[in-house]
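The values are calculated or read from the model by the stated rules, or taken from the named source; none is laboratory data. Because the structure is a prediction, the values reported are computed rather than measured. All Cβ positions, even for glycine, are placed from backbone atoms using ideal geometry, and neighbour counts span all protein chains on display. Please note that ligands, DNA and RNA were not included when accessible areas were found on the heavy atoms of the full protein model with its side chains. Shrake-Rupley method; radii C 1.70, N 1.55, O 1.52, S 1.80 Å.
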Amino acid sequence: MRLIDKRVTVTRRGLIASGGVGLVAMTVLPGGMIAGANGAWAATADALKPETFATLVQMARDLYPHDRLADKYYAIAITGLDAKAREDAGLQTLLEDGATGLNEAAQGRQGRNYADVAWEADRVAILSDMQESPFFQTVRGHMITGLYNQKEVWAIFGYEGESASYGGYLHRGFDDIDWLDQV
């Protein structure tokens with residue numbers, strides 16, 4: 001079992017250097033590709049418009065904010081939602097219309113599209129106004145599995161994975177506690 005230091009170490013200098021405070025830096029390229037900052041990740045939207053895809057990546061980060069997770073994990077989760085939308089025209093319409101509504105709400109409050117609103121608190125306020133909508137609930141529900149079922153994310157959180165394929169928890173995992181003697 002690994003112990004993870006839960007303390008957040010943020011310095012004033014680091015906070016100022018980060019600028020956008022949780023804003024996903026991405027670019028929508030011609031041809032439908034969405035690229036993360038410095039080429040750290042890239043994705044292609046199949047069913048959704050690239051702008052919708054980018055809006056959903058930012059929305060996903062705001063719904064499930066984890067400073068330790070890179071933007072690519074959120075993009076992978078939205079890629080799964082994009083694949084579902086390819087097979088379900090109703091879902092595609094829901095996501096496109098929802099992202100349009102989200103951008104309209106952001107334009108009304110901040111004068112810019114949702115993904116361009118710099119402060120997380122401002123984006124969360126916009127999301128709070130639509131939290132009962134089917135669009136919000138669909139994205140929120142998908143992100144639970146789309147984000148947390150990625151095995152790479154498990155390692156970041158210190159989750160060692162399921163035990164059923166290894167015979168269950170009875171004979172695995174409870175006898176490797178090395179910190180118990182220290183308590």
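Annotations for the structure displayed:
- Relative pair counts by distance (%), Cα atoms of region 21-157, 10 Å bins: 13, 47, 36, 4
- Placing a pseudo-label 7 Å from each Cα along the Cα-to-Cβ vector at residue 68 and residue 128 gives an inter-label distance of 2.7 nm.
- Computed accessible area, residue 26, all protein chains, 1.4 angstrom probe, square angstrom: 40 Å²
- Net charge contributed by nearby residues that have their C-beta within less than 15 Å of residue 94 (K/R +1, D/E -1): -2
- Vicinal HN-Hα couplings computed from phi for region 122-133 (Karplus, 6.51 cos²θ - 1.76 cosθ + 1.60; Hz; Gly/Pro x): 5, 5, 5, 4, 5, 5, 4, 5, 10, 5, 8, 6
- Largest first, the residues 165, 128 sort by 1.4 Å accessible area into 165, 128.
- Net +/- balance of residues flanking residue 43 in space, Cβ distance below 9 Å, scoring K and R +1, D and E -1: 0
- Solvent-accessible area per residue, Å², over region 21-157 with all protein chains present [probe radius 1.4 Å]: 48 Å²
- Region 21-157 - percent of accessible surface contributed by carbon and sulfur, probe 1.4 Å: 52 percent
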